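Trainee: Before I ask anything, let me first share the structure, which is written out below as structure tokens.
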Amino acid sequence: ATSFTLSKALNRYSKEVTVLKKGSSEENYKIGKLSLYDIAKVGFYTCSPDDVAAFLATLKKEGMSDNGRRKYALIISHCYNIAVKRWRLHVANPVASIELPSNGPARTRRLEDGEEKRFYAELAKARNKYALPITKFAVETAMRRGELLALKWENVSYHEDKTGTAALYDTKNGENRVVPLSTSAVAILKGMTRP
């Protein structure tokens, strides 16, 4: 039990849990970074709320945002929850006894006068000819990057009134959904060459 460190638990968690997540590469990066800190050497059974708090304090000193530190704490917490529920280990979750950093303030930034025009002008200069239309389409539909890149022509339909729909499958939350397309979004798609 003493040799089973947080690092070893996170390694197992990465192979069994993280690998199944859509954001696995980002979480694996965080787990790899976490393993470089002193907390990774702490025994999984003996890791205390003070150990987690000290780790989060170190990240704060390094300039990490509250939301970034919160994400690291949540990875540790979920690892403990998996250890209890799936691995059947008798261990207490040290993160449950600390106050997590805030999620951060909501984003309120909006484009100011002239910014959209300048932004699109710069995108038009890009080597990738799809940079501008995909960005405009993203603004029109509020689709996520992964949804945009996974969209297939056969899942898009146009109507006579020049509007349409785009069917999205296996989205971030694991559900299918249909996105209504405005006349501008349809015009953007019609202007793109199909491969």
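Trainee: Please give me, ordered by residue number, the GluC sites (Glu not before Pro) of the range 1-46 that lie in loop per DSSP and have at most 10 other Cβ atoms within 10 Å.
Mentor: Answer in residue order: no site qualifies.
Trainee: Tell me, what ³J(HN,Hα) does each residue in the range 17-27 have, in order and in whole Hz, if you take phi through Karplus 6.51 cos²θ - 1.76 cosθ + 1.60 with θ = phi - 60° and put x for Gly and Pro?
Mentor: Couplings: 10, 4, 4, 8, 8, 5, x, 4, 5, 5, 5 Hz.
Trainee: Let me ask another. Which whole-number percent gives the relative contact order of the chain, counting Cα pairs below 8 Å spaced six or more residues apart? All intermediate terms of the calculation are to be shown ahead of the outcome.
Mentor: Working: 180 pairs, mean separation 27.0, N = 195.
The value is 14 percent.
Trainee: Right, next: Enumerate the lysines that K117 could reach by cross-link, defined here as Cα to Cα under 26 Å, with residues fewer than 8 away along the same chain left out.
Mentor: K125, K129, K136, K162, K190
Trainee: Let me ask something else about it. With θ set to phi - 60°, apply the Karplus curve 6.51 cos²θ - 1.76 cosθ + 1.60 along the range 137-153 and write out the HN-Hα couplings as whole Hz, x wherever there is a Gly or Pro.
Mentor: 5, 5, 5, 5, 9, 6, 7, 6, 4, x, 5, 4, 6, 8, 5, 10, 4
Trainee: Right, next: Which entry in (1) 8, 25, 23, 19, 17, 7, 0; (2) 7, 23, 19, 17, 13, 8, 6, 5, 2, 0; (3) 8, 17, 12, 9, 9, 9, 8, 7, 6, 6, 5, 3, 1, 0 is this structure's computed P(r) over Cα pairs in 10 Å bins from 0, in percent?
Mentor: (1)
Trainee: Which whole-angstrom value gives the distance between the alpha carbon centres of the range 1-30 and the range 96-146?
Mentor: What the calculation gives is 30 Å, centre to centre.
Trainee: What does the accessible area per residue of the chain come to in Å², with a 1.4 Å probe and no ligands, DNA or RNA counted? Mind showing how you got there, number by number?
Mentor: On the way: 13020 Å² over 195 residues.
Solvent-accessible surface per residue comes out at 67 Å².
Trainee: Apply the Karplus curve 6.51 cos²θ - 1.76 cosθ + 1.60, θ = phi - 60°, to the phi angles in the range 5-10 and return the couplings in whole Hz, x for Gly and Pro.
Mentor: Working through the residues one at a time gives 8, 4, 4, 5, 5, 5 Hz.
Trainee: Once amide H atoms are placed 1.01 Å from N in the peptide plane, what residues at a sequence separation of 5 or more from L181, or on another chain, have their amide H within under 5 Å of its amide H?
Mentor: G164, T165, A166
Trainee: Out of the total accessible area of the range 55-156 (probe 1.4 Å, heavy atoms of protein only), what percent is carbon and sulfur?
Mentor: Values: 3670 of 7230 Å².
Percent of accessible area from carbon and sulfur atoms in the range 55-156: 51.
Trainee: Something else: Using a 1.4 Å probe on the protein heavy atoms only, what accessible surface does D113 show? Give it in Å² to the nearest 10.
Mentor: Its accessible surface works out to 150 Å², give or take rounding.
Trainee: Excluding residues fewer than 8 places away in the same chain, name every one of the lysines whose C-alpha is closer than 30 Å to that of K71.
Mentor: Excluding near neighbours in sequence, the set is K8, K15, K21, K22, K30, K33, K41, K60, K61, K85, K172.
Trainee: What dipole magnitude, in Debye to the nearest 20, does the chain give about its Cα centre under +1 on Lys/Arg Cβ and -1 on Asp/Glu Cβ? Please report the intermediate quantities before stating the final value.
Mentor: Working: 33 positive and 21 negative charges, 98 e Å.
Charge dipole, the chain, about its Cα centre: 480 debye, nearest 20.
Trainee: If you don't mind, there's one more thing I want to ask. Please give, to one decimal in nm, the separation of the simple spin-label points placed at Y158 and Y29, each 7 Å out from Cα toward the Cβ.
Mentor: About 3.8 nm separates the two model spin labels.
The values are calculated or read from the model by the stated rules, or taken from the named source; none is laboratory data. Every value quoted in this text rests on a predicted model; they were computed, and no experiment measured them. Neighbour counts are summed over all protein chains in view; Cβ atoms, including those assigned to glycine, are modelled from backbone coordinates with ideal geometry. Heads up: the accessible areas ignore ligands, DNA and RNA and are worked out on the full protein's heavy atoms, side chains in. Shrake-Rupley method; radii C 1.70, N 1.55, O 1.52, S 1.80 Å.
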